[in-house]
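Structure record follows, encoded as structure tokens.
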Ligand SMILES: N[C@@H](CCC[C@H](N)C(=O)O)C(=O)O
């Protein structure tokens with residue numbers, strides 16, 4: 001089998017993009033995706049993203065993604081910005097927004113996202129509403145109809161105060177004094193596979209630098225330590241606001257670079273703005 005692909009990255013969170021517009025099912029299996037993501041024996045990536053035909057009214061395409069461990073998450077913030085750039089590079093015309101900028105409407109397992117192509121090359125994504133009930137995360141840290149905000153979680157012999165937010169996919173956020181001192185590879189997997197998270201979890205370790213500046217390191221479910229996580233940055237801003245640590249707009253500083261996140265007071269939705277770049281194309 002020969003597969004055409006293009007590699008993209010959003011703040012160093014990197015993906016293999018596949019033009020799957022002729023078929024509603026991904027043209028490779030999760031285990032083939034895992035092989036392609038291998039950084040020694042494959043192309044190397046944090047995940048594989050498929051541009052699939054639309055199945056919902058008023059959408060342009062459908063996005064699905066496999067993590068580098070072959071699991072399928074509901075959503076990916078950096079990945080959907082890469083998908084916007086991929087569609088532009090494929091020559092797919094955009095819709096025109098009220099402000100005259102180009103837009104795509106993309107269906108995901110977490111709902112429909114609107115992507116706006118900005119004139120400076122960045123992509124702004126309407127990431128939708130955060131979900132806060134324990135049943136929606138999901139987590140057993142609180143009763144199903146309660147929010148897990150600043151609740152204790154025991155990991156690696158220490159009690160961490162955590163806040164849980166779903167952006168379609170699960171996030172567990174904890175604020176620390178010094179984010180560079182966190183042993184990500186040591187404790188990340190223990191958060192990810194903690195029995196309190198029946199669907200596993202992404203985990204964000206956050207240092208507050210100011211009310212509009214948070215520094216983040218992430219351990220991703222199914223991908224490990226990555227250089228950036230868009231859904232994680234959105235979930236982090238929500239956790240920061242809910243615990244009184246930050247304003248509703250902030251720069252989230254990630255190892256791969258900054259993301260701008262806004263939690264709109266008027267519509268309650270999260271808006272993420274950041275870059276996405278093509279790295280290379282190939283055939284495997
Ligand atoms: N890097 C992504 C999130 C990808 C999915 C995640 N690993 C999960 O399993 O939920 C982002 O930018 O949001």
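FYI, it's all coordinate maths here, none of it is from the lab. Source: prediction; values computed, not measured. Note: ideal-geometry Cβ built from the backbone for every residue, glycine included; neighbour counts use all protein chains shown.
For the reader, a short list of remarks on this structure follows.
- Whole-number D in µm² s⁻¹ for the chain, Kirkwood Cα-pair radius fed into Stokes-Einstein, 4 °C, 1.567 mPa s: 69
- Compared with the dominant Cα axis of the chain, that is its longest principal axis, helix 77-89 is turned about 10°.
- Given R0 = 25 Å, the distance between the Cβ atoms of residue 3 and residue 89 translates into a calculated FRET efficiency of 0.90.
- Choice from 235, 225, 181 with maximal GNM fluctuation in the chain (Cα, 10 Å cutoff): 181
- With the gyration tensor restricted to C-alpha atoms of region 120-174, the semi-axes of the equivalent ellipsoid amount to 26, 15, 7 Å, longest first.
- DSSP-defined antiparallel bridges as percent of all bridges, region 134-265, nearest 5: 75
- For region 60-80 versus region 212-268, the gap between their alpha-carbon centres in whole angstrom: 19
- Residue order, fewest to most beta carbons within 10 Å, for 172, 37: 37, 172
- Relative contact order computed over region 89-197 (Cα-Cα under 8 Å; 6+ residues apart), in percent: 17
- Extension gain from residue 122 to residue 265, taking 0.36 nm per residue of separation minus the Cα-Cα distance: 49.2 nm
- Length gained when the stretch residue 99-residue 35 is fully extended (0.36 nm per residue, less Cα-Cα span): 18.8 nm
- Eigen-decomposition of the gyration tensor built on the alpha-carbon atoms of region 1-147 gives equivalent ellipsoid semi-axes of 24, 23, 14 angstrom, largest listed first.
- GNM result for the chain, Cα springs below 10 Å: residue of 19, 180, 89 fluctuating most strongly: 89
- Normalised contact order of region 134-265, rounded percent, pairs of Cα under 8 Å and 6 or more residues apart: 19
- Degrees between helix 230-242 axis and first principal axis of the chain (Cα, 0 to 90, nearest 10): 30
- Among 1, 75, the ranking by other beta carbons within 10 Å of each residue's beta carbon, starting with the fewest, stands as 1, 75.
- Taking only the Cα atoms of region 161-223, the ratio Rg/Rh comes out at 0.96, with Rh defined as the Kirkwood radius.
- Ordering 139, 174, 2, 203 by the number of other Cβ atoms within 10 Å of each residue's own Cβ, fewest first, gives 2, 174, 139, 203.
- Projecting the alpha carbon convex hull of region 134-265 along each direction and taking the average yields 7.2 nm².
- If R0 is taken as 25 Å, the Cβ-Cβ distance between residue 159 and residue 180 corresponds to a FRET efficiency of 0.70.
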